[in-house]
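This report concerns only the one structure given below.
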Amino acid sequence: MQIPIKRSLERVPGGLMVVPLFLGAILHTLFPNTATFFGSFTGALFNGALPILAVFFVCMGAGIDFRATPAIARKGGVLLATKVGIAAILGVVFGHLLGEAPIMGGAFVGLSTLAIVAAMNDTNGGLYLALMGQFGRPKDAGAYAIMSLESGPFLTMVTLGLAGLSAFPWPTLVGSILPLLIGMILGNLDRDMRAFLSSAAPVMIPFFAFALGFGLDLAKIWQAGLLGIGLGVAVVAVTGAALFVADRLTGGNGVAGVAAASTAGNAAAVPAIIVAANPAYAEAAGPATVLVAASVVVTALLVPLLTAFVAARVRQEVEPSEPLHEPVARSAAPLR
């Protein structure tokens, strides 16, 4: 008898990341001593998110191609700079208002600068490429080769430092991006290594997601429900407007811009990496993980609707004669 577990998970937006994360949280709430009780390899699966993430980012980097054409590099660079720039501006504003700690009471309990920056910083690449395959143009799809540099905690660390919050020493900053760079070097030196490494990355997503979830409290997840939905809506509205304008200014029709207005699934792992590098964010990390995970789901639902709406409005500008599918960075699509 076959049970379509993977297919069922993939029907949930960000399911390979979100479902294991919440299963881990449920298990932690009901049986918090499970990892200690079993120990050994089982205990490592419950508590080993960071080592798995390190390997994940090596594999992720291997799928990034240095040989992007100038047009693709320009488009991807503008979308990347816009997405990260919005996160940086909000990081500076909320950093001065909130500092490193989350809000401790009221309707916005759990909201933090860390949650806002992590949710805004990183685009769901799989969703973006799927939407470009349906509504976009090859050069728009290829732009993800540059945009995938958003992956990982490096830009979030830089943004938090720019916001005037607790900074990270340079070895930590370098260490946060080094696995991605190593993967990029390996993948560009040897196409067989690219295929080997990049194909392994999706397998790791449910494992590090489950380990991240095991560090969460279900009570906090319940509290973050409506706020998480609000954060997801804010990501689409704020970054979507800015990315639409940026896309139009670089000769696009705006479709690629709004298609990039989402939160990547692996962004939910960033708060845990941040607190491992700097304990000043310890209070914010747990609630931030939940809020970012909620944003992943909400943006995965809203962005396709918004993209379809914009594509319908500008359909006279779309070039139907061009092939809709673009192989650049396609291997990285399932990772987000």
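Points worth noting:
- Shown here: segment 76-198, whose C-alpha atoms stretch 50, 38, 22 Å along the first, second and third principal axes, sorted largest to smallest.
- More than 31 angstrom apart: percent of Cα pairs within the chain: 28
- Average projected area [Cα convex hull, segment 92-132], square nanometres: 3.9
- Angle in degrees between helix 282-313 and the longest Cα principal axis of the chain, rounded to the nearest 10: 20
- Within the shell defined by Cβ-Cβ distances under 15 Å, the residues around I185 carry a net charge of 0, with Lys and Arg each +1 and Asp and Glu each -1.
- The chain: angle of helix 125-135 to the longest principal axis, Cα-based, in degrees nearest 10: 30
- In segment 157-281, Rg over Rh equals 1.01, where Rg is the alpha-carbon radius of gyration and Rh the Kirkwood radius from pairwise Cα distances.
- Accessible surface of the chain, 1.4 Å probe, proportion on carbon and sulfur as whole %: 72
- Crossing angle, helix 225-249 versus the chain [Cα axis fit, 0-90 degrees, rounded to tens]: 30
- Relative packing of 89-101, 235-247, which averages over residues the other C-beta atoms within 10 Å, highest first: 235-247, 89-101
- Ordering of 1-8, 143-150, 173-180, 51-58 by burial proxy (mean other Cβ atoms within 10 Å per residue, highest first): 143-150, 51-58, 173-180, 1-8
- In terms of packing, defined here as the mean over residues of other Cβ atoms within 10 angstrom, the peptides 268-277, 20-29 line up highest first as 268-277, 20-29.
- Dimensions of segment 28-132 from C-alpha coordinates, computed as largest minus smallest value along each principal axis and given longest first, are 55, 38, 23 Å.
The values are calculated or read from the model by the stated rules, or taken from the named source; none is laboratory data. Note that this is a predicted model, so its numbers are computed, not measured. Methodologically, a virtual Cβ is constructed for each residue, glycine included, from the backbone with ideal geometry; neighbour enumeration extends over all protein chains shown. For accessibility, only protein heavy atoms count, side chains too; no ligands or nucleic acids. Shrake-Rupley method; radii C 1.70, N 1.55, O 1.52, S 1.80 Å.
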